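Reading through the structure tokens given below for one structure.
What follows is calculated from the coordinates using simple rules that are stated; it is not laboratory data. Quick caveat, the model's predicted, so the values are computed rather than measured. Neighbour counts are summed over all protein chains in view; Cβ atoms, including those assigned to glycine, are modelled from backbone coordinates with ideal geometry.
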Amino acid sequence: MKREEQLQRTLWEIDKRWGQGTIRPAVTTTARRAVSTGFASLDLALHADGLAVHQMSVVMGVPTSGATTCAYRAIAGVQKLANVAAYFDFSTTFDPDAAVRYGVELPHLLLVRTSDIDDGLQVARDIVLTNAVTLLVIDLCACAVTLSQQLWRRLADVTLRSDCTVMIVIDRYDPALETTSHTWLTFERRAWLKAGDRIVGCQSQVTIRKDKPSIKIPVVPLDIHFGAVS
């Protein structure tokens, strides 16, 4: 057997055993390092222009804190660059009207809903492995379930071998995500923004925590105007 044929067979066996994308030619590696959160000041505080590629990040916050808005704006930013985003709506709370107001193009968004979250995460892993999706959002807000660390580890492993950023949106702390997530963004609403008597947005602060301990944990103030993309 020729050396080239033996190498190809070996690579095929590695992909079969360890998963597609374990070994890739260096020339196919993307220069993209991050996906924007949709907030310039938050991207700047992350020191990487957004959420890291090849990693899972958690965006946590109760409704009206800005967490879901961050997901919508991140999707809109990905689509503006002619890239693909997927949204796993496990909580069935996806708001198409709000998403459009933040710039999301619904015809180009992959919206996924499954009756079983475990099955849905398998679909998520399959999509990540295609390397066709730049941003994959998993919305677990209002889901009264606790997933095992093993399920998250499987998703984290395939994400590490991909060119995808995975954003997990939750409304309560989940310890199972601690060892698998690269970045945590915790949104807290501090006050409402008003125009006269009308509420037009909120003032939130975002606490940034990464998997590598830091002496100082950045806190970023944000003025979030409902339905505004700037």
I want to make sure I understand the PRE zone here: with the label point 7 angstrom from the Cα of ASP119 toward its beta carbon, which residues in the stretch 152-185 have backbone N atoms less than 16 Å away?
none
Report the one residue of LEU193, VAL59, VAL166 whose Cα lies farthest in the direction of the positive end of the charge dipole of the stretch 29-225 (charges on C-beta: Lys and Arg +1, Asp and Glu -1; origin at the Cα centre).
LEU193
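On full extension of the chain, what length is gained from THR130 through THR93, given 0.36 nm per residue of separation minus the C-alpha to C-alpha distance?
Full-extension gain reported as 10.7 nm.
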Long-range amide H contacts for PHE90: which residues qualify at under 5 Å (H placed 1.01 Å from N, peptide plane, sequence gap of 5 or more or a different chain)?
ASP139
Karplus 3J(HN,Hα) series, Hz, for the stretch 73-83 with 6.51 cos²θ - 1.76 cosθ + 1.60 (x for Gly, Pro):
5, 5, 4, 4, x, 5, 5, 4, 8, 6, 9
Mind listing P(r) for the stretch 101-165? All alpha-carbon pairs, 5 Å bins, whole percents.
3, 14, 26, 25, 18, 10, 3, 0
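For LEU111 and GLN150, what is the calculated FRET efficiency with R₀ set at 35 Å and r taken between the beta-carbons, to the nearest 0.05?
0.85
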In nm, to one decimal, how far is the LEU44 label point from the VAL219 one, both placed 7 Å along Cα→Cβ?
1.9
Can you tell me the convex hull volume per residue for the stretch 29-225, based on C-alpha atoms, in Å³ to the nearest whole number?
120
Computed about the Cα centre, the charge dipole of the stretch 29-225 from +1 Lys/Arg and -1 Asp/Glu charges at the Cβ has a magnitude in debye, to the nearest 20, of 580
Residue by residue through the stretch 130-137, which ³J(HN,Hα) values in whole Hz follow from phi under the Karplus form 6.51 cos²θ - 1.76 cosθ + 1.60 (θ = phi - 60°), with glycine and proline marked x?
5, 6, 9, 10, 7, 9, 10, 9
Tell me, what does the Kirkwood hydrodynamic radius of the stretch 39-118 come to in angstroms if you use every pair of distinct C-alpha atoms?
13.7
